[in-house]
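Report on one structure; see the data block that follows.
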Amino acid sequence: FGRSTSVELRGEGYSLDVEAAGEFSFNAAEDDLATLEDSLQIEEQHDGVTRSVRFQKEGGRITRSFQREGEAIDAGPDTQQWLARVIPSVLRSTGINAEARVARLAGRGGVALVLDEIALIEADHVRAAYLSLLFARGPLQPTELERAIALAGAIESDYEKRQALAAAMQQPLDVERQRAVHRIAAGFASDYERRELLQAALPLLARTPQA
């Protein structure tokens, strides 16, 4: 029913809930909201403390209402520090604005910073999306490729893993990096996903006995 976002993330001693009506985007610094169509609520339970913020579009401007342990609190340095920590968590768990974010990270710290960020992403589909976007930006150096392929190999879902590795195969991989992809494919539980990856890789392989 219209554009909406709903995210629930659960871990040991941690939870993150995001509910939005309409489209929204965060600023480049990733410490506040930039645009909002209707409403957005973020609630996080971390280190035994529950914090939340509700953004609302009212009269053409965005209002912000903060709570800590269910009690309203004023905006200030503490809420700003919390937003600067929780907004990247929202981006990592949802994949929102992934293309623009990868480009922004690359512009700020190169491939190394993008890979550092990908290592923090636990959601399989988001990690695969970031890796695919990184591979599409152009050739990576051998050490960068090695790390990126390892990050793809750590994805749990065979489907998302295959998507990331298929994108990696579009890079000019040397024989050792091709073999790294093969080793990961050998561990797929899904025959279908393994076949799809190897079938896509076959025309791209180096014509050597090792490959």
Overall form of region 1-102 per C-alpha gyration tensor (a/c, 1.5; a/b vs b/c): rounded
Radius 15 Å from Cβ of residue 81, net charge of other residues (Lys, Arg +1; Asp, Glu -1): -3
Heavy-atom accessible area order for 24, 55, largest first, 1.4 Å probe: 24, 55
Distant-in-sequence amide H partners of residue 73 (H built 1.01 Å from N, under 5 Å): 66, 67, 68
Over region 2-65, relative contact order from alpha-carbon pairs under 8 Å, at least 6 apart, %: 25
Exposure of residue 143 as accessible area (Å², to 10), given a probe of 1.4 Å and all protein chains: 100
Sites residue 72 and residue 23 - FRET efficiency at Förster radius 35 Å, r taken between beta-carbons, to 0.05: 0.85
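When the accessible area of region 42-122 is split by element with a 1.4 Å probe, what percent falls to carbon and sulfur?
Roughly 46 percent, rounded to a whole number.
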Length-normalised contact order of region 1-108 in % [C-alpha pairs under 8 Å, at least 6 apart]: 19
Carbon and sulfur %, accessible surface of region 127-181 computed with the full protein complex present, 1.4 Å: 48
Efficiency of FRET between residue 125 and residue 43 - r from beta-carbon atoms, R0 25 angstrom, step 0.05: 0.65
Ratio Rg/Rh [Cα only; Rh per Kirkwood] for the chain: 1.06
Exposed trypsin sites (Lys or Arg not before Pro) absent: longest stretch of the chain, with sites in DSSP loops and at most 11 other Cβ within 10 Å deemed exposed: 4-206
Accessible area expressed per residue, region 1-147, with surrounding protein chains retained (probe 1.4 Å, Å²): 53
Karplus 3J(HN,Hα) series, Hz, for region 66-79 with 6.51 cos²θ - 1.76 cosθ + 1.60 (x for Gly, Pro): 10, 9, 9, 6, x, 10, 5, 9, 7, 5, x, x, 5, 5
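By the scheme Lys and Arg +1, Asp and Glu -1, what is the net charge of all other residues having a beta-carbon under 10 Å from that of residue 7?
-3
Answer rounded, prolate or oblate for region 136-211, using the Cα gyration tensor with square roots of eigenvalues a ≥ b ≥ c: rounded when a/c is under 1.5, else prolate when a/b is larger than b/c, else oblate.
Oblate shape, in that a/c is at least 1.5 and b/c is the bigger or equal ratio.
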Mean separation of Cα contacts under 8 Å, 6 or more apart, over the residue count of the chain: relative contact order %: 11
In sequence order, calculated HN-Hα J values of region 6-20 (Karplus, 6.51, -1.76, 1.60; Hz; x Gly/Pro): 9, 10, 10, 10, 10, x, 5, x, 8, 8, 9, 10, 10, 10, 9
Backbone HN-Hα couplings from phi across region 148-165 [Karplus 6.51/-1.76/1.60, Hz, Gly and Pro as x]: 5, 5, 5, 5, 5, x, 7, 5, 7, 5, 4, 5, 5, 5, 4, 4, 5, 6
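The values are calculated or read from the model by the stated rules, or taken from the named source; none is laboratory data. No experiment lies behind these values; they were computed from the predicted model shown. Don't worry about glycine lacking a Cβ; one is built from the backbone with ideal geometry, like all the others, and counts go over all protein chains shown. Protein only, heavy atoms only, side chains kept; ligands, DNA and RNA dropped before computing areas. Shrake-Rupley method; radii C 1.70, N 1.55, O 1.52, S 1.80 Å.
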